[in-house]
Each structure stands twice: as structure tokens, then as C-alpha cells.
Amino acid sequence: MSLVVAAAIVDSLEHPTRLLAAQRSYPKDLAGKWELPGGKVEEGEEPESACLREIREELGVTPTLDRIVPGPEGDWPIGRHTMRVWLATIDGEPECGPDHDELRWCTALETLGLDWLPGDIALAKKLASWMLPAGNHIL
């Protein structure tokens, strides 16, 4: 399995209330679905460096990576790949590049309402639960 990296970009690491979601522009069978920005780790590249590179390339901003968002097996299974996800903030306003049709800052409820890639649904639910005030549970 190859490793894919992504950033769960939030408005605050301490008390996140919004998550940045990206709508795929291709391939045809995935176009219109939502995902976290990121991409594949190149041969010989460290995963954290790959995540920094991918966010700079896709969004035109520099991320600050914080902690890893733990998946059911450490990383998140997504089809033939595994995905390592960092909670992150960014240094400016992201720009939508050719990989995506739209970028959207989402609240917890808006996050749950998006049509996520199948492999990202459980991750999106976990991230949405982190954005809720303590004591509020919707999952």
C-alpha cells in the first residue's frame, strides 16, 4: 500500500470551529466529491515533508502541521492506500488550484453534510465531532 498525506486545516488548533474542505475536479468518477487537501508521498520523501509540499502546491499557502489525527489503524485506510492526516493551520487565505473546483470552510454540521470521498467519511465524522462544543454529540 502506498502512503497518502493530507492536512485537516482548521481555524484554531485549540478550539477548532471550521474545517477546510476541497471539492475534487477529477477524475470523472470522483469529481464533485469532497476531501482534505493533500496527495501522494514521493519516493524517498518523508511524509511530513510531502504534506507540506502538497498543501503549498494545491492551496498556495504554508501549513503549520500539529498532531496526527489517529485513524483506526494509526493511519486511515482509503482504498489501495493509507492516509496520514495532520491537524494544521495555514498562514493565509487558500487559493483553489486545478485539483479542486471549490474550497469551503465548514462548521461541524456543514462538514457532515458534504458528499465526501468514501474513504474520508469516517475521518470527516471524527473531525466534525472535534469541532463541537463539549457535551454536544451528533454522531
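Go over the candidates R84, R56 one by one and state the one that is more than 15 Å from W116 (Cα to Cα), assigned to a strand (DSSP E or B) and not acidic (D, E).
Going through R84, R56 in turn, the sole match is R84.
Number of residues in segment 94-130 that are of a type in the set (S, T, Y) and not in a helix (DSSP H, G or I) equals 1.
Checked against the criterion of being open to solvent by 30 Å² or more (accessible area, probe 1.4 Å) and either touching a Phe, Trp or Tyr at 6+ places or on another chain (Cβ under 7 Å) or over 21 Å from M1 (Cβ atoms) (or both), the candidates I78, I55, I121, I90 yield just one match: I90.
Right, E73: more than 14 Å from the chain's Cα centre (by Cα) and modelled with pLDDT of 95 or more or not? So E73 fails the test. On the stretch given as segment 38-48, residues that are over 20 Å from P77 (Cβ atoms) and open to solvent by less than 60 Å² (accessible area, probe 1.4 Å) total 1.
Scan segment 15-37 for residues that are within 17 Å of D91 (Cβ to Cβ) and either open to solvent by 20 Å² or more (accessible area, probe 1.4 Å) or without any contact (Cβ under 8 Å) to a residue 60 or more places away in the chain (or both) and the total you get is 1. From the list E110, E95, which one is over 16 Å from A8 (Cβ atoms) and either at pLDDT 95 or above or open to solvent by 60 Å² or more (accessible area, probe 1.4 Å) (or both)? Going through E110, E95 in turn, the sole match is E95.
The values are calculated or read from the model by the stated rules, or taken from the named source; none is laboratory data. Every value quoted in this text rests on a predicted model; they were computed, and no experiment measured them. Positions of Cβ are backbone-derived with ideal geometry, glycine not excepted, and every protein chain shown enters the neighbour counts. Quick note on the areas: whole protein, heavy atoms, side chains included, nothing else; ligands and nucleic acids left out. Shrake-Rupley method; radii C 1.70, N 1.55, O 1.52, S 1.80 Å.
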